[in-house]
Amino acid sequence: MSDAWWWTYLVIIIAGWLATDLWRWLGVIVGNRLDDDSEALQWVRAVATALVMAVTSKLVFFPTGTLAESPLWLRLAALGIGFLVFLLTGQRVIVCVGVSIALLIAGLMVL
Amino acid sequence: MLFSPSDVRSSLSWFLSGMRGILSLPALILMTSFVGFSAFALESGIGRGEAVFMTLVVWALPAKMILIGTMAGGAPLAASFLAVTLSSIRMMPMVASIMPDMKNDKSPTWLLLFLSHFVAITSWVFAIQHLNDVPRDKRIAYFGGFAITLTLINAVIVGVCYGIVAQFPPIVAGALFMLTPIYFFASIWASARHDVVKLAFVVGVVMGPAMAMIEPEFDILYAGLGGGTLAYLFDRYVLRPRRRAKASPSVMEDMP
């Protein structure tokens, strides 16, 4: 059964599409009942931000692929210094990305 | 006719300006991530058509990586579903938090449900950054123009790049991998309009990796739901009363 060509597509539909869109649809239904600047919306904003940053932060601490072999201090230093420069120079996103990536590449080449 | 001709044209023109957002830095960074994804799919034994299909129907990159990971490991369907759905719970507060900014009194629910499919981290950040600058009745058109185009273009990128980029030089691959998290750090911080969001940002950054070491199966849930709630309570019961305490003397001075 699982050798049929459509089996993979069925897995993607059930374990991929339904498994993700279920939550998006619930989000629409919940969000439709939230008022602008209600306490509930403040809490939902906090939870959404913490969730996204937890996922993002894990990518830096536990990367997959070639970066998995790079030292943690290099990744943290590249991001940390880039973010600090970003904060000190008027919070322009391109500054953080440019400084951090330049430091990371320099570090990877030296090490 | 539901719309007068001028309304139709301006909705269309907002849709088109949303589309132009795909030339922005975040969209370009995401596209490089999808070039990386097509190489990852190839290495994991996922076919070209399957990788494109997955991009269209799942869309969120972390969910796709987990789906491929469980499929490649030969996990049963129920286990794949559970892993992907647990990783996607964050979609609910993400979508819910932009809904009050996106909808208007006349927005049909089916349209919001359809558009919610295109919400992932990049389009969520885009919505937070730009929706407030768009007239309320044109926000759905504007967001749709950006988010739908972004999904379709990345599906094309996966289809075209699949098999072309089997292997990057390690330094390039490493830099590409880091682009996405670095971009999220800067853009989410820069777009935070409330103190509670900045607090939740810091809590999430610290608790994500910490929980991954303590409770790896539900780390994101604990960090997000627990950490976000902590940030909210701290803001409400500690930071806001202090701000009010600081603000009140000046109010007194203003009095005659």
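Stokes-Einstein at 10 °C, 1.306 mPa s, Kirkwood radius from Cα pairs: D for the range B:192-256 in µm² s⁻¹?
119
Using a 10 Å cut-off around each Cβ of peptide B:186-196, what is the average number of partner chain Cβ atoms that fall inside? Mind showing how you got there, number by number?
On the way: counts 14, 4, 5, 8, 7, 2, 2, 1, 6, 0, 5.
For peptide B:186-196, the averaged partner shielding equals 5.
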**Prompt:** Around B:ASP235, with a cut-off of 12 angstrom between Cβ atoms, what is the net charge of the other residues, counting Lys and Arg +1 and Asp and Glu -1?
**Reply:** +4
**Request:** Please average, across the residues of B:65-72, the number of beta carbons from any other chain that are within 10 Å of each residue's own beta carbon, and give a whole number.
**Result:** 3
**Request:** Rank A:TRP73, A:TRP17, A:TRP25 by mean-square fluctuation in a GNM of chain A with C-alpha springs under 10 angstrom and give only the top-ranked residue.
**Result:** A:TRP17
**Request:** Rounded to the nearest 500, what is the 222 nm mean residue ellipticity of chain B from helices alone, with -39500 (n - 2.57) per DSSP H run of 4+ residues and division by all residues?
**Result:** -23500 deg cm²/dmol
**Request:** Excluding residues fewer than 8 places away in the same chain, name every one of the lysines whose C-alpha is closer than 23 Å to that of B:LYS64.
**Result:** A:LYS58
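Between B:HIS194 and B:ASP133, what is 0.36 nm times their sequence separation minus the Cα-Cα distance? Round to one decimal in nm. Display every interim value, and only then the final one.
Working: separation 61, 0.36 × 61 = 21.96 nm, distance 1.70 nm.
Between B:HIS194 and B:ASP133, full extension yields an extra 20.3 nm.
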**Complete:** So A:GLU39 and A:VAL110, fully extended at 0.36 nm per residue minus their Cα-Cα distance, gain in nm 20.6 nm
**Message:** Using DSSP H assignments, which helices in chain B have an axial alpha-carbon span of 24 Å or above and a mean Kyte-Doolittle hydropathy of -1.0 or higher?
**Reply:** B:25-43, B:139-161, B:170-190, B:195-214
**Fill in**
Taking Cα atoms only, Rg over Rh for the range A:64-111 with Rh from the Kirkwood formula is 1.02
**Message:** Would you calculate the convex hull of the Cα atoms in the range B:1-133 and tell me its volume per residue in Å³?
**Reply:** 138
**Message:** How would B:LYS106, B:LYS198 line up from fewest to most surrounding beta-carbon atoms within 10 angstrom?
**Reply:** B:LYS106, B:LYS198
**Request:** Could you state, as a whole-number percent, how many of the C-alpha pairs of the protein assembly as shown are farther apart than 32 Å?
**Result:** 33
**Fill in**
Out of B:VAL238, B:VAL202, B:VAL125, a Gaussian network model of chain B with alpha-carbon springs under 10 Å gives the largest mean-square fluctuation to B:VAL238
**Prompt:** For B:LYS103, which lysines qualify as cross-link partners when the Cα separation must be under 18 Å and same-chain residues fewer than eight apart are set aside?
**Reply:** B:LYS138
**Fill in**
B:ILE214 and B:VAL172 label points (each 7 Å along its Cα→Cβ direction) are spaced in nm at 4.2
**Item:** Relative contact order, percent, chain B [alpha-carbon distance under 8 Å, six or more residues apart]
**Value:** 28
**Item:** Among B:ILE140, B:ASN154, B:ALA200 - extreme Cα towards positive end, dipole of the range B:122-202, charges at beta-carbon
**Value:** B:ILE140
**Cβ-based exposure ranking for B:SER13, B:SER80, in which fewest neighbours within 10 Å come first** = B:SER13, B:SER80
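When a/c is below 1.5 the answer is rounded, else prolate if a/b is larger than b/c, else oblate, so apply that to the range A:1-86 with a ≥ b ≥ c taken from the square roots of the Cα gyration tensor eigenvalues.
Numbers: a/c = 4.52, a/b = 1.11, b/c = 4.07.
Since a/c reaches 1.5 but b/c is at least a/b, the shape of the range A:1-86 is classed as oblate.
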**Request:** Taking the Cα centre of the range B:192-256 as origin, work out the dipole magnitude from +1 charges on Lys and Arg Cβ and -1 charges on Asp and Glu Cβ, in debye rounded to 20.
**Result:** 360
**Request:** When a/c is below 1.5 the answer is rounded, else prolate if a/b is larger than b/c, else oblate, so apply that to chain B with a ≥ b ≥ c taken from the square roots of the Cα gyration tensor eigenvalues.
**Result:** oblate
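Laboratory data are not the source of any read-out in this text; all were calculated from the coordinates shown. A quick note: this is a predicted structure, and the numbers were derived from the prediction, not measured. Heads up, the Cβs are rebuilt from the backbone with ideal geometry, glycines too, and the neighbour counts pull from every protein chain shown.
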